[in-house]
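Take a look at the structure set out below.
The values are calculated or read from the model by the stated rules, or taken from the named source; none is laboratory data. All figures in this text were calculated on a predicted structure; none of them were measured in a lab. Here the Cβ positions follow ideal geometry from the backbone for every residue, glycine too, while neighbour counts run over all protein chains shown.
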Amino acid sequence: MDRIEGLYLDSLVNRVIATTVGVLVLVVLLVWALIAFKAITTIEDLLMENEQLTAAIEGLTRESQIGYAKVVEQTVSADGQLMSRILFVETDRDDPTQRILEREFSLPGDTIYFDALVVKFGDPLIMDGRERALYLWRRVFSDKISPEAGVPMEKEGYSPERYKGWLSKLPVKHQTLFWSEIWELANDPNRLEPLGVSAIYGNALYLRMQPGLIYIFKIRDNGQIYPEAIHDL
């Protein structure tokens, strides 16, 4: 009888242990699933938790030239106003000789503003001490019209041609979230500073443009864009 009771107790203990182990395994799997599939719904979540995004940002290389512009034609309208027809070219990040975007537009006057948004990434997002940056062209206007009446160069809220494919390893919904929030920094440049992201807005270059010159848009070490004029061939 004692032997039977002992076997029963051993069996009961083994069942309790097996059940406890099973429950612990389920708990561990549940916790892992919650971590692995946690919904990323904000730009803060995306910047802090997405390793593919961090790797993409760290992979950004320093750029020295981001495009150029020139006067195609200048004419005087019937009411005596000078009109400038401008060709704007955005160049490839890795090969400045390659054109990725061309826009031609007419604006009143000859003093033309090229409006860009520069977004910088640094500590604590980037740990090697070297800032990375994105350069987003917004619009072109002149001293004769308001910025709001200017010509858009990229569709705000979406991935620019210059960075097409840059975030290809991210799910589409995360790419959409990233670009919509990055463009919004034009309205609130300091919003993501605690995460190492800052924006330089109002980086509008203004040039008194003349026919026969090409105005190359270059980048200083501090991220500022500046023009360099050369003679058109």
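ARG220 - would you say it is loosely packed, with under 12 Cβ neighbours inside 10 Å, closer than 30 Å to THR97 by Cβ and either in contact with a Ser or Thr (Cβ under 9 Å, 6 or more places away or on another chain) or in contact (Cβ under 8 Å) with a residue 24 or more places away in the chain (or both)? The answer is no for ARG220. Checking each residue in region 115-156 for being among the basic types (Lys, Arg) and modelled with pLDDT under 90 picks out ARG130, ARG132, LYS155. Restricting attention to region 132-158, the residues that are in a loop (DSSP other than H, G, I, E, B) and either of a type in the set (Phe, Trp, Tyr) or crowded, with 18+ Cβ neighbours inside 10 Å (or both) add up to 4.
From the list PRO194, PRO171, PRO227, the one residue that fits, being modelled with pLDDT of 90 or more and surrounded by fewer than 11 Cβ atoms within 10 Å (Cβ to Cβ), is PRO194. Kindly indicate the residue of region 63-89 that is of a type in the set (S, T, N, Q) and either in a strand (DSSP E or B) or not assigned by TED's automatic domain parsing to the domain that holds LYS120 (or both) and also farthest from the chain's Cα centre (by Cα) among those meeting that condition. Once the filter is applied, the top-ranked residue is THR75. Candidates in region 90-109 are the residues that are outside any strand (DSSP E or B) and out of contact with any helix residue (DSSP H, G or I) (no Cβ under 9 Å at 6 or more places or on another chain); of these, the one that is nearest to PHE217 (Cα to Cα) is PRO96. Among the numbered conditions (1) loosely packed, with under 14 Cβ neighbours inside 10 Å; (2) at pLDDT below 95, the only one that VAL72 does not meet is (2). Counting residues in region 37-47 that are at pLDDT 90 or above and more than 24 Å from LEU185 (Cα to Cα) gives zero. Restricting attention to region 110-131, the residues that are over 25 Å from PRO211 (Cα atoms) and not in a strand (DSSP E or B) total 10.
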